[in-house]
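Participant: Here it is, the structure in full.
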Ligand code: BTN
C-alpha cells in the first residue's frame, strides 16, 4: 500500500510551531525551510547575522545534512524532525560539549512520552538516542569561538529524529539494520510540530538547570539512568588506540567513565572518540 500524502497539518511552519510553544527563549525566532543544505549551517549563518539566543531553524528536507565525524545525515523529505538551535552562552568553550548531553536528555524524555511503555529509550553516550537497540536520533553540536579567545561566539545544536519512516527500507542501506523511527515503533504517525515544541520546552528547562552549576551534576542521574550499556563491557574507539572496559556512567563533565581490566578508571572525552558495545552498534 502506498503511503498517504503528507497531511498539510504535518508541515513545519513558524506559526504552527509558535502556537502553543511553552518556552521563554527556545524557538523565540523560527526559520522553517522546505528544503535546505543543513540546518546547522543555516543556524551558523544566523549566528553570524546576529539572530538571538534560542533561534531555531527547521527543514523538511536537508540535501547536505551533516552527521558527526564528517559523516552525512540523510533523511527522506517530510519524515524526520531535523532542526538546529542557536545558543549564545557566556560560559567557556571547554563546557560546550556538555550541551550535547543536555539536548540528549531533553530528546530522550520527549521520546519516552510518545513511546510510553512500547519501548525503552536509552542514550548511547554521548548523544545518540536509541530505541530497541536501534538509533532513532543523532545530535551534532558545533561551536564557533571568538577570534583569539576561549570565548564562545555561538553554539549550534542540531538534532535529527527519525519520526515518520514507515519501514526500515526507507533508511539508507548502510544504516538499515541499526535505525529506528517513531512510526515503526508505535505504528502511528507522529506530529513533528508537537514533538519539536516538547523537545524545545524540555531543552530550555534543562539548559537553565545546567547554567546553575555549569556542569551536569544535577542532570547526571537522569542521563545515567538512561545510559545504554551501563555496567557492561564497551569498546572505546580512540584514535590513539582502541581498548575495552566496563562502562561506569558519566562524571559531572559528561565524560564516560570506563573501568579497564586492571581497575584503572579512564574518563573518556567525547571529541574524536566513540564507544560501541562489544559485538554491535550499542
Ligand atoms: C550524528 O548522529 O552523526 C549526528 C546527526 C545530526 C543530524 C542533525 S539533522 C539537523 C542538523 N543539521 C545537520 O546537518 N545535522 C544535524
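Participant: Under a point spin-label approximation (7 Å from Cα along Cα-to-Cβ), what is the residue 90-residue 225 distance to one decimal in nm?
Facilitator: 3.3 nm
Participant: Sorting check: for 41-52, 181-192, which peptide has the highest mean count of neighbouring beta carbons within 10 Å, and how do the rest follow? Before the final figure, lay out each step's value.
Facilitator: On the way: 41-52: 16.8, 181-192: 18.3.
Packing order, densest peptide first, comes out as 181-192, 41-52.
Participant: Sort 247, 97 by Cβ crowding within 10 Å, fewest neighbours at the top.
Facilitator: Values: 247 22, 97 19.
Arranged by neighbour count, lowest to highest, 247, 97 become 97, 247.
Participant: Contact order normalised by length for the chain, with contacts defined as Cα pairs under 8 Å and 6 or more residues apart; what percent is it? Before the final figure, lay out each step's value.
Facilitator: Details: 580 pairs, mean separation 46.4, N = 282.
Relative contact order of the chain: 16 percent.
Participant: At 7 Å along the Cα-to-beta-carbon direction for both residue 145 and residue 214, put a label point, then send me their distance in nm to one decimal.
Facilitator: Using points 7 Å along Cα→Cβ, the separation is 1.5 nm.
Participant: When 169, 233 are ordered from fewest to most other Cβ atoms inside 10 Å of their Cβ, what list results? Intermediate results must be reported in sequence, preceding the final value.
Facilitator: Working: 169 8, 233 15.
Going from least to most buried by this count: 169, 233.
Participant: OK, next. Could you list 213, 82 so that the one with the fewest beta carbons within 10 Å of its beta carbon is first and the one with the most is last? Intermediate values should be presented prior to the final figure.
Facilitator: Values: 213 11, 82 28.
In increasing order of surrounding Cβ atoms, one gets 213, 82.
Participant: I've got another one for you. When the helix-only estimate is applied to the chain (DSSP H runs of n ≥ 4, each -39,500 (n - 2.57), divided by the residue count), what is the mean residue ellipticity at 222 nm, nearest 500 deg cm²/dmol? Could the numbers behind the result be given before it?
Facilitator: Numbers: 6 runs with 68 residues, N = 282.
Helices in the chain give a 222 nm mean residue ellipticity of -7500 deg cm²/dmol.
Participant: Same structure again: Just want to confirm a number: the relative contact order over region 134-282, from Cα pairs under 8 angstrom separated by 6+ residues, in percent. Walk me through the intermediate numbers first.
Facilitator: Numbers: 210 pairs, mean separation 21.0, N = 149.
Result for region 134-282 is 14 percent.
Participant: Note the full-extension length gain between residue 178 and residue 242 as 0.36 nm times their separation in residues minus their Cα-Cα distance, in nm to one decimal.
Facilitator: Numbers: separation 64, 0.36 × 64 = 23.04 nm, distance 2.22 nm.
The residue 178-residue 242 span can extend by a further 20.8 nm.
Participant: Another question about this same structure. In whole Å, what is the distance between the alpha-carbon centres of region 131-176 and region 29-64?
Facilitator: 14 Å
Participant: Tell me, what is the FRET efficiency for residue 29 and residue 71 to the nearest 0.05, using R0 = 35 angstrom and their Cβ-Cβ distance as r? Intermediate results must be reported in sequence, preceding the final value.
Facilitator: Values: r = 29 Å, r/R0 = 0.83.
With a Förster radius of 35 Å, E is 0.75.
Participant: Additional query: Quick one, what does Rg over Rh come out to for region 143-270 if you take C-alpha atoms and the Kirkwood Rh?
Facilitator: Numbers: Rg = 18.5 Å, Rh = 18.1 Å.
That ratio is 1.02, to two decimals.
Participant: Can you grab the distance from the C-alpha centre of region 105-125 to the C-alpha centre of region 203-242, Å, no decimals?
Facilitator: Taking the Cα centre of each part, region 105-125 and region 203-242 sit 15 Å apart.
Read the figures in this text as sums done on the coordinates, not as results from a lab. On a predicted model such as this, the values are computed, not experimentally measured, just so you know. All Cβ positions, glycine included, derive from the backbone under ideal geometry; neighbour counts span all protein chains shown.
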